[in-house]
Amino acid sequence: MAAVGVVGLLRTQRHTPATLIASLPVPAGQVAAPPRPADSRPVARPVWLTIPVIGVQTTLVRLGLTAGGALQAPSDWSVAGWYTGSPRPGAIGPAVIAGHIDTRTGPAVFYRLAKLRRGDTVYIRRADGTLVVFSVTKVETYLKSTFPTQSVYDPTPDAELRLITCGGTFDASTGSYLSNVIVYAVEQSR
Amino acid sequence: MLLAVPALCLGAPLAAQASTGASSGSTDGWIRLAHLSPNTPAVDVYLYSFGDSSALIVLRHVAYGDVSPYERVSAGTYSVAMRTAGAAATSSPVLSTSAQIESGHAYTVAGLGPAGGLRLAILADQLTTPAGHALVRVIQASLRQHVVNVALGGRTVAPDLAFATVSAYLAVAPGTEIVRVTAADGDANKTVTLAAETVHTFVVLDGTGRLEIVDLEDAAGNTSIPASGVATGLGGTASPAPATAVWWLALVAAGATLVLAGGTRAWLLRRWRVTRLTRLPRKVRA
């Protein structure tokens, strides 16, 4: 019986599937200048995101709020979404982009988000073809009970980015992760 | 406003923990530089981390009316020096001041006043607004029109604002409105769009022969803050919850207990038999 128990314990340690691309090329294109404060003009909407160092590449869908006021989830596990109530990436303020970490059976678009480190680069292409380049400042994992809503959604005076997914311990009894992973990034100045 | 955890997972939303400061956990603040003295020539502006001799940031040829974008800097003490445009970095500055940057806060260091009475003012800039509103204030940088009145839509924003002064912030409803500046010898209008959760500074300047209004967007946030999160994970790559491991551990423990119990019983039986054998009556052993 003990032997059966030991075998069961060993099998519960799942291994990371090595099916993801290790890294991707840096995208080419005209890099947008950071927003100027005076008489600011609207910027084009975001359409595509890539994080070469962790092999993420996705078109961006638009996310709104549900009837209950919650942030919508992308219906497709393989794409991330930009929350339309947040500033556009490259405009003043924190642009919010969310994506799934995994499905019931395997990794999803933001599976490796927690592996980002300060200084890593995130690229977003806009509908007008320009690139907005962000530099990661920090990556944090928070329990739901201590989630810092202000630091994620509060206004900023510069163009910033928040990438959001799930993380931490998975609670099978509720079918959800207990934590959130937030990547903070700031538009690079020229 | 209920600001619950944006759980990117299924589950009931929880109330957010209240916190102060624009960015809890961050150690950065923001600073920008402004030249708002009408008869002062262009300057080079140097920003130093306090005590450093080489500048962190240098803005060249900053002329009247120029306001730089905010620079994100570590919280701490900084020195700002203004030198005549093109002057050597080692030359004496025209003006200098020190500024304390607190984390999560933003500041404008502005050259204000006439050339003969130029001063560097450190303005504390608001970043957050009352829910669903925009915030506006006015910097009066017109020397020609010494006192101005500023209205937004039908509402007074800054009555009788004197040259080189800054009005208090006013919370306004979001929307597209006309800013009207009226003065003794002239006035100006500008159409502005103020989104909710944005902070704007209107700067009144001396243009060529007339008043000018610049609309600075100081900060912007989310026009509607999500009340709770989104389900973005179903556990396909997670290590199982501790409950599952507990069952396996229980099985191991049960099996180990049985083994231990069986072994102990066997050992005790052996001991008992040995004891019995050594206590046979003398008659038999003899």
Checked against the positive end of the charge dipole of the range B:23-126 (+1 on Cβ of Lys and Arg, -1 on Cβ of Asp and Glu, about the Cα centre), the farthest of B:I101, B:P69, B:A87 is B:A87
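So what's Rg/Rh here for chain A, counting alpha carbon atoms and using the Kirkwood radius for Rh?
Working: Rg = 18.2 Å, Rh = 17.7 Å.
When Rh is taken as the Kirkwood radius, the ratio is 1.03.
Write down, largest first, the equivalent ellipsoid semi-axes of the range B:23-126 in whole Å, where each equals the square root of 5 times an eigenvalue of the alpha-carbon gyration tensor. Don't skip to the end; give the middle numbers.
Numbers: eigenvalues 105, 47, 23 Å².
For the range B:23-126, the semi-axes come out at 23, 15, 11 Å.
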The range A:120-137 and the range B:129-173 have their Cα centres apart by a whole-number Å value of 35
The farthest towards the positive end of the charge dipole of the range B:23-126, of the residues B:L33, B:L59, B:A115, given +1 on Cβ of Lys and Arg and -1 on Cβ of Asp and Glu, is B:A115
With DSSP loop assignment and no more than 14 other C-beta atoms within 10 Å, the trypsin sites (Lys or Arg not before Pro) in the range A:63-166 are A:R104, A:R117, A:R118
Non-local residues with an amide H under 5 Å from the amide H of B:V157, with H modelled 1.01 Å from N and Pro and chain starts lacking one, are B:V150, B:A151, B:L152
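Taking 0.36 nm per residue of separation and subtracting the Cα-Cα distance, what length does fully extending A:A127 through A:S78 add? Don't jump to the answer; show the numbers that get you there.
Details: separation 49, 0.36 × 49 = 17.64 nm, distance 2.02 nm.
Once the chain is fully extended between A:A127 and A:S78, it gains 15.6 nm.
Quick one: order B:M82, A:M1 by neighbouring beta-carbon count within 10 Å, fewest to most.
Details: B:M82 25, A:M1 14.
Fewest to most other Cβ atoms nearby, the residues stand as A:M1, B:M82.
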Computed over all unlike Cα pairs, the Kirkwood hydrodynamic radius of the range B:100-193 in Å stands at 14.6
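A short reminder: the numbers here are calculations on the coordinates, not readings from a lab. Note that the structure is predicted; figures quoted are calculated from it, not measured. Positions of Cβ are backbone-derived with ideal geometry, glycine not excepted, and every protein chain shown enters the neighbour counts.
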